[in-house]
1. Have a look at 34, 49, 195 and report the one farthest towards the positive end of the charge dipole of the chain, computed about the Cα centre with Cβ charges (Lys/Arg +1, Asp/Glu -1).
2. Beyond 23 Å between alpha-carbons counts as too far, so tell me which of 10/30; 350/497; 316/373; 305/343 fall in that bin.
3. Given the DSSP H assignment, sum -39500 (n - 2.57) over each helix run of at least 4 residues in the chain and divide by its residue total; what's the result at 222 nm in deg cm²/dmol, nearest 500?
4. Tally Lys and Arg at +1 and Asp and Glu at -1 over the other residues with C-beta under 12 Å from the C-beta of residue 95: what net charge comes out?
5. Could you tell me which of 247, 289, 361 has its Cα farthest along the dipole of segment 213-362 towards the positive end, charges placed at Cβ (Lys, Arg +1; Asp, Glu -1), taken about the Cα centre?
6. Roughly how many whole Å is it from the C-alpha centroid of segment 51-81 to that of segment 331-376?
7. Relative to the longest principal axis of the chain, what angle (0 to 90°, nearest 10) does the C-alpha long axis of helix 200-212 take?
8. Give, rounded to the nearest 20 debye, the magnitude of the charge dipole that the chain has about its Cα centre when Lys and Arg contribute +1 at Cβ and Asp and Glu contribute -1 at Cβ.
Amino acid sequence: MTSILIKNGKIIDGTGNPWFRADLLIEGSKISKISPKIEGVKAEEVIDASGLIVSPGFIDIHTHSDLSILKARGDNVLTQGVTTHVVGNCGFSPTPIKPEVFNNEDADVFKQMLGYKDKSEIFSNLNEYINTAQKEGIPINMIPLVGHSILRVNVMGLDNREPTTEELQEMKDLLEVEMQQGAFGLSTGLDYPPGSFAKTYEIIELCKVASKYNGIYASHFRGLAFGLSKATKEAIKIAKSGISVQLSHLKPFGFWIGDIRKSCKLIERARDDGLDVTMDVFPQASNSTFLFALVPPWVYLSKDKVDVPRAIEILKKTKTDEDFRKRMHREINMIVDSFLNIKELEDWNKVYINAPQSQEYNGKHIYRIASEKNMDPRDVLIDILIDLEGAVSGTYLSITEEDNIVTIVHPASMFGSDGRVIPEYDKDTFPNPYCNGTFTRVLGKHVREDKLLTLHDAIRRMTSFPAQKLTLTDRGLLKEGFWADVSIFDADKIIDKATYDDPRLLSEGVVHVIVNGVIAMKNGEFTGSKSGIPLRRR
């Protein structure tokens, strides 16, 4: 049995208590002893943590690492001190997917929406997904949710309608199998099709299944369509069905800036009424989603379903019909004004393109592309969607720092990156900076520089709070008998480095990371270990 002795560090154990000086002994995959002085032990590894903080490894409660976690070393998350990712968020997950779904008439749209390339990236049930993770090895722990949109695609394709009684039952049966195999709950993406097609009752019926197994409901709610207050009320109504609700990346944007305080008040009242409603937030004043979000929905929605080929043909009409082009410009103006507060052509520098398949567009903001081509930014948007057949996303600078702080300091909030493990060899991906700098930004900027949170409270929100939400009884704290997920960092130096123009820069200040008793990063160097575990709800 391997052993690691961490000496002379300031321990912040995740409870919210201030630091204390102690040594920590890891034997095998568990913490075996925490004491002011541990002597007489011949450990295989000794880490001198003098001048450093020793804390539980950070739990990222909202990520999209479903596929990339199977393929990468985890550099961008380990350098943030993260040891666990919750996947399957925003209604999208790689399981359960019936093989025939991947080959039906909606397959191309389905692949574009979910980013899948071939059948090796889909799994018919959670057991298959977890077995693959165990076989391939993963750099950090993984906690799976089941995506509501995936349940819908399996049963209804991309149809824009309510399910029949039989179809709703089939979705519930699929979810039941996933929960029995260890899923931690259900997620929705109610701003995106096909999740956006669902009525509240459909979500409540599915949540009744998840709650039978003490699962949570993680909701990317209808913030863009409804506004934050109305969307929060819907989530609270769902919570009344008896399920623990997690509001995903709760942020204001565009027309709904200022509505965040109303949303937080609603959450507080719900908690006063005994409803378990909490939220997660990332510290960057931006978000990411499909680029189709910037064109009117009637473009990509036919009468009863998502239809990307039809959308491309509609957009091409702007090339030959000047009146139609002007109409499209007017409607785009309405969307980007309400969503991003874009009023001038220069404001299109708020939209960065993530298109690894295109050197022409990838990593640039739309105003830069428009300037280079001497084009109207709205025509650039249309061209990008046509050229890349809709398979493109954007990073949007859409949030005020003042409103962002409201959720960061709220007592019901914890931190989730909305990012993912970025493969170290994937040099063309142009992600949102939160992939590489969520937890380090909180600790460096909001704790050390701005003093919005204390260090021990920020760490609680990154460790024991999400562990409590997920009903993890042996993770999230530095405690004897708990799994040895440990982050060791310099509180005076920890900081994010990623920017919107250079989002691949790694964070600084995390010195050592231990995942399940195995050193994954030592003195800032990656060991290449694959000691992460795909967890099952118990």
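Only the coordinates and a few stated rules stand behind these numbers; no lab work does. In this text the structure is predicted, and so the values were computed from the model without any measurement. Cβ sites come from the backbone with ideal geometry, for glycine too, and all protein chains shown count toward neighbours.
1. 34
2. Over 23 Å apart, Cα to Cα: 305/343.
3. Computed mean residue ellipticity for the chain: -9000 deg cm²/dmol.
4. Charge balance near residue 95 sits at -3.
5. Highest projection toward the positive end goes to 247.
6. What the calculation gives is 31 Å, centre to centre.
7. It works out to around 20 degrees.
8. 1100 debye
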